Amino acid sequence: MKEVLDETYGIMVYQEQVMQIVHGLGDIPLRRAYALIKAISKKKSAVIDAEREKFIAGAMNKGLTEAKANDLFDLVLKFAGYGFNKSHSTGYAIIAYQTAYLKTYFPNQYMAAVLTYESGARKIDDWAPYLDYCKQTVFPDHTPENPHVGVEVEPPDINLSQSEFSAVFDEGETRDNLHGHVRFGLSAIKGVGKSTIAEIIKERDASGPFRSIFDFCERVPARIAGRATIEALIKCGAFDSVHGVEKRAAAFAAVDDAISAGQSAAEDRRAGQMNFFAGADAESPQPAEHHERPLPSIPPWPLKEQLTYEKEALGFHVSGHPLDQHERTLREYCTVTPGRFADLPQDVPVVLGGMLTRVRIVVVGKGESKGQKMAMITVQDKTASVDGVVFSGIFAQYAHVLQDDAIVILIGRADHRRGEPQVIVDRVFPIADAPIHLAGAIEVDLVDEPGGEPLGPQMEMIAGLLKQSTGSAAVEGARSAPIVLHLFTHNRRVTLRPRRLQAVAEPELLDRLQSVLGPEHVRVVPGQTPPRINNSNRRPFSRRGAPAPTSA
C-alpha cells in the first residue's frame, strides 16, 4: 500500500509541476492549465494548439524568445505524453502484482475480500458468478498428484459468520493459508439490519457460541432480533451448525416458543430471581447445569422447499441448487446458457434451459389477439437470467407448463429489438421431457458374448420393444428418433442404421431397453434445434408493433 500511495503522490507532484510551468511562465490561469493537462493525456489536439499560442505569448512577455517558448512547450508535451501514463501504469502494475500475490498464496482470504466488495456494489445476478469462480481457484500447494482446487463458500452461520464474507477455520483446523473456508456474512441475509448483526456478534464474542435457538433468544432480546430475523436465520441455514440442516423445519416451528422462553428468562433476570439449583448449596455454590429444550418433532423440509427458503432469505441457493440434478441434460440439449445469451445475433434459433423465476400473465390490449392471455417470463440458471415473451398462441398451448419455479426447456429465437436481449418462445416443456422432443438418435449396443444371447434374437427383442412403445403420440412436439445399432462381435464393431427403425425416446421405452441390455448399452444422442413453429398469433415483439398488454 505504501508503494501505491507513493506513486499516487508522484502523479500529484507531476501535475503540480506542469501546471506551475504553464501558469507561471505562460500566464495561463490555473484552471485552464489543469484542463491542458487533461487534454494532453487524452490527445485533444484542438485544446493543446489553442493553449500553445497563449503560452508562447505569455512566455515572450517574461523574456523568452519565440523559439525558446516553442521548444519549452514541446518539451512539456513530450514529457506529459509519457509521464502521466507512466505514473498511472506503475500504480496499476503494483496493485496488479499485490492482487495476484494475494490470490495465489491466500486464496480464501482473497476470495472473501472479492465477494465482500462485489456483493456490496452489484446486483445478485452480477456477482453470483464469483461463487462459481471460487470453485476454480487453485491453492499454492496444488500438484497434479495432490490436487487442491476450489475455495469452499459456506452458508451464513450464527457462530462463525462475521458481518461480511470472511475466511473461517473450523475448531482444531490448522490456521494457515492452505486451510479454512469462506463463510457468508450475516449481512447477506435479507431483512437483517447492521445494528442487529453488530449486537449478535457482540453477544457471541462476550459470552461464547450460541447453543440453540432457545439460547439465542435468551441472550439476544426480541427488540434486537425479532421473529422475522430469527426465521430468516433459520431459512438460510445459520443455525445448521447448532441443530443440523435436517432440523430447520423443527427450529422454524419452535420460533414462537423460543421467543417466549427468552422473554421469560429476561424477566426473571430483571426480577433478580435465582435458579433453584444455584441456591441449593449456599456454602459451595455450583454453576447451574444448562438443560437445552428439545425441538418439536417435525418432518424435515423437502429439498425443493429448503432451497426455496434459502433463496428467499439470501437471494439465491447456497447448499445446493434445483438445477444440480439436471446439469447433464442442460449441457447436452441446450444450445446456449443465459450468461451467453446476449452474445447471440438477432433471430438465431435457441434451445435454452433453466428455472422459471418469473411468470407474469398479461392480457393483450389490442390487435388480432386482443383479450387473449400471454406471458412475460424470466428463465435463470445458477449464474444468470434471461427474460422472454410467450405470445398468446403459444401460451394457450403451454400455459400448464409455465409455472413459477418450474424447470423447463424453451425453444425459440433470440430477440434484441427492445434493447435488452430476450427469447421469443415457440415451445416449452419440462426438462425431463428433453429426450422426447430433442433426441437425435437412440443408440443401442448389442454384444455377442460367449454363452450369451445371439445377436439375431437380441435384434428381434428390440424390434418387439419398439413395437410396444406408445411413441408418446399424445405429447405435443414429440420427435421420432432413428435407432442406431452397434453390433459387437468377434472383436469387431458394426454400426447399423435401419431406415424404418425409429421411436420416441420416452422414459418407459428407455427403461425397458436398459433393464434388458443394461444402462451402459442404451444412450440418447441430442439432435438439432427443432424448426420454429408458425403461429398466426406470434409476431416480432417490436416497439411499434407490439401487442399492448394489460395485467390479468
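In sequence order, the range 321-334 has phi-based couplings of 8, x, 8, 4, 6, 10, 4, 5, 4, 4, 5, 7, 9, 8 Hz under the Karplus curve 6.51 cos²θ - 1.76 cosθ + 1.60, θ = phi - 60°, and Gly or Pro positions carry x.
Could you tell me what % of all Cα pairs in the range 107-187 have separations over 15 Å? Roughly 56 percent, once rounded to a whole number. When you restrict to C-alpha pairs under 8 Å that are six or more residues apart and normalise by the size of the range 368-407, the relative contact order lands at 35 percent.
Dipole check for the range 107-187: with +1 at the C-beta of Lys and Arg, -1 at the C-beta of Asp and Glu, and the Cα centre as origin, the magnitude is about 260 Debye. With the convex hull drawn around the C-alpha atoms of the range 78-214, the volume per residue stands at 177 Å³. Note on the range 324-432: Kirkwood hydrodynamic radius from all Cα pairs is 13.9 Å, rounded to one decimal. Residue farthest toward the positive end of the dipole of the range 107-187, with Cβ of Lys/Arg at +1 and Asp/Glu at -1: which of S119, F184, L160? Result: S119, furthest along the dipole toward the positive end.
Coordinate-derived values only; no laboratory data. Not measured: the values here are computed from a predicted model. Positions of Cβ are backbone-derived with ideal geometry, glycine not excepted, and every protein chain shown enters the neighbour counts.
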